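The values are calculated or read from the model by the stated rules, or taken from the named source; none is laboratory data. It should be emphasised that the depicted structure is a prediction, and the values quoted were computed from it without experimental measurement. Methodologically, a virtual Cβ is constructed for each residue, glycine included, from the backbone with ideal geometry; neighbour enumeration extends over all protein chains shown.
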Amino acid sequence: MTVKETKLKGCFILEPKVFEDSRGYFFESFNQKIFNNLIGKNVNFIQDNESFSSKGVLRGLHYQRGEFAQAKLVRVVKGAVLDVAVDIRKGSLSYGQHVSIELSEKNKKQLFVPRGVAHGFIVLSDSAIFSYKCDNFYNKESEGGIIYNDKDLNIDWKLDEKEFVVSEKDLQLPTFKEAIL
């Protein structure tokens, strides 16, 4: 597995070694010991989540605050998404900046999103199955979010906005400047 840190400190792109032959492929999608060694930090994932979404579905930008903050290791099992991470850690050198990467069943890349970084994605393929490993349990009272089309963040979601399918809840999210971080 190779790992590359993004411009957001502690946010990493991981690429597994994929072994392919006439039967198909095999790869190790997660190994706690190797993962912790590669990122130089001990992360203990305690919950796995999975979502299915159709083309244009935009989920995010979400985060958990305080003692319920979550780090996530995300990947696509089927399809393709544009995955986005936004640094909301006050005092961070990359505060207010974002990274985006295409995650797909073909490239098998994963993104590690550390605590204090908001996360979201939009489905680029006809549908997608998205997998999340989380290092903390969800807590409704600690949830936060930022509207996907925040003008200060200026995220290019790669699809025409007419194609977006956004939940009513996510349409009500505050701007980056208004968000409770």
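With respect to Phe121, determine if the residue is surrounded by fewer than 21 Cβ atoms within 10 Å (Cβ to Cβ) and either farther than 18 Å from Leu181 by Cα or out of contact with any Gly (no Cβ under 7 Å at 6 or more places or on another chain) (or both).
Details: surrounded by fewer than 21 Cβ atoms within 10 Å (Cβ to Cβ): no; either farther than 18 Å from Leu181 by Cα or out of contact with any Gly (no Cβ under 7 Å at 6 or more places or on another chain) (or both): yes.
When the stated conditions are applied, Phe121 does not pass them.
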Given (1) in a strand (DSSP E or B); (2) of a type outside the set (D, E, K, R); (3) closer than 27 Å to Glu168 by Cα, index of the condition Val3 fails: (3)
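In the list Phe12, Phe30, Phe35, which residue meets the criterion of being at pLDDT 95 or above, under 19 Å from Lys72 (Cβ atoms) and under 19 Å from the mean Cα position of the chain (by Cα)? Don't jump to the end; show me each part of the working.
Values: Phe30 fails: at pLDDT 95 or above; Phe35 fails: at pLDDT 95 or above.
Unique residue meeting the criteria: Phe12.
Considering every residue within the range 168-175, establish whether at least one is out of contact with any helix residue (DSSP H, G or I) (no Cβ under 6 Å at 6 or more places or on another chain), of a type in the set (A, V, I, L, M, F, W, C) and at pLDDT below 95.
no
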Any hit, the range 84-94, residues being crowded, with 16+ Cβ neighbours inside 10 Å, polar (S, T, N, Q), at pLDDT 95 or above and not in a loop (DSSP other than H, G, I, E, B): no
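For the range 10-52, list the strands (runs of 3 or more DSSP E) that sit wholly inside it and hold at least 2 residues that are surrounded by fewer than 13 Cβ atoms within 10 Å (Cβ to Cβ); which are they?
Numbers: elements: 12-15, 19-21, 24-26.
By residue number, 19-21, 24-26.
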